[in-house]
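One structure below.
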Amino acid sequence: MADLITLTQYKEAEGISSTQNDARLTTLIESVSQLVKTYCNNTIIDNYSAAATELFNIMAGETVVQVSKAPIRTDVGNAPVVSERTSPTESYTTLTLDTDYYIDTVTDSVYRIAGAGLRSWPTGVGAVKVIYKAGYATTPTDLKLAVIDLVKYYHKDEHTTRRTLTGATIENQGTGESKGFPDHIKRILDLYKTY
């Protein structure tokens, strides 16, 4: 899995020229990149070029499936390949984009269609298979800033709840639901979160 920022990007953003903490920062960048992807439930950049495959179990009457990685790519040469089967013992039949299925890029959903209307997917275990690419070619700049701030947050041990510095005590607690991340970082991460 690719890191969301590089050591060079971090050092440039923080104005660091020394190589003294490079090993620790490299480890933190790797860990924070994975933490952000886990929190967002999204690979962000990992599936931009490498396709993901998802199988969906379908109950009767379902007309839509929603992929887990976002945003789904639909540009020329990267449209998702969608197929279905009516039984686990059968082979998948590949469907045709905009004839048999429609991609909703706002919700990263795949609708089964017939003409101008919706049609149900076949029911069963693994009845629908979607092979697709998703995410961004590079880490979006606002997310990159959040990752830089989060690396700094852990590098400077700001994540500890209470610290004492020369007789002063610093309380470091988020508000509301964001006790795990500082509020300004959580706001950006939530923009990339998939549910």
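Computed from the coordinates by the stated procedures, all read-outs in this text should not be read as laboratory data. Worth saying up front: this structure is predicted, and the values here are computed from it rather than measured. Quick reminder, even Gly has a Cβ in these numbers, built from the backbone with ideal geometry, and neighbours come from all protein chains shown.
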Alpha carbon centroid spacing (whole Å) that separates region 73-149 from region 1-57: 25 Å
Placing unit charges on C-beta atoms (Lys and Arg positive, Asp and Glu negative, everything else neutral), compute the dipole magnitude of the chain about its Cα centre in debye, rounded to 20. 260 debye
Signed unit charges on C-beta, dipole axis of the chain, positive-most listed residue 145, 130, 77: 145
Answer with one residue from 121, 105, 48: the one whose Cα lies farthest towards the positive end of the charge dipole of the chain, charges on Cβ with Lys, Arg +1 and Asp, Glu -1. 48
Can you list the equivalent-ellipsoid semi-axes of the chain, largest first and in whole Å, using the square root of 5 times each Cα gyration tensor eigenvalue? 43, 18, 13
Along each principal axis of its Cα atoms, how long is region 9-100 end to end? Whole angstroms, biggest number first, please. 60, 28, 21
Based solely on its DSSP helices, what 222 nm [θ] is calculated for the chain when runs of n ≥ 4 H residues each add -39,500 (n - 2.57) and the sum is averaged over all residues, nearest 500 deg cm²/dmol? -8000 deg cm²/dmol
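Pairwise over distinct Cα atoms, reciprocal of the mean inverse distance: report the Kirkwood radius of region 70-120 in Å, one decimal place. Could the numbers behind the result be given before it?
Numbers: mean 1/r = 0.0837 Å⁻¹.
Averaging 1/r across every pair of different Cα atoms and inverting gives 11.9 Å.
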Which Rg and Dmax, in Å, describe the Cα atoms of region 42-142? 13.8, 46
Across 185, 103, 16, the residue with the highest GNM fluctuation in the chain (Cα network, 10 Å cutoff) is 16
Let me check I've understood the local charge: for residue 2, count other residues with C-beta under 12 angstrom from its C-beta, Lys and Arg +1, Asp and Glu -1. What total comes out? -2
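Can you work out the FRET efficiency for the pair residue 14 and residue 138, with r the C-beta to C-beta distance and R0 = 25 Å, to the nearest 0.05?
0.80
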Hydropathy at least 1.0 by Kyte-Doolittle, axial extent at least 18 angstrom from the Cα trace: which helices of the chain, defined as entire DSSP H runs, fit? none
Tell me the GluC sites (Glu not before Pro) within region 1-30 that lie in a loop according to DSSP and have at most 13 other beta-carbon atoms within 10 Å. none
Please find the FRET efficiency linking residue 190 to residue 62, where r is the Cβ-Cβ separation and R0 is fixed at 35 Å, and quote it to the nearest 0.05. 0.80
Of 69/152; 37/129; 129/193; 11/193; 11/152; 11/144, which sit over 21 Å apart, Cα to Cα? 69/152; 37/129; 129/193; 11/193
Among 49, 83, 18, residue whose mean-square fluctuation peaks in a GNM of the chain (springs only between Cα atoms under 10 Å): 18
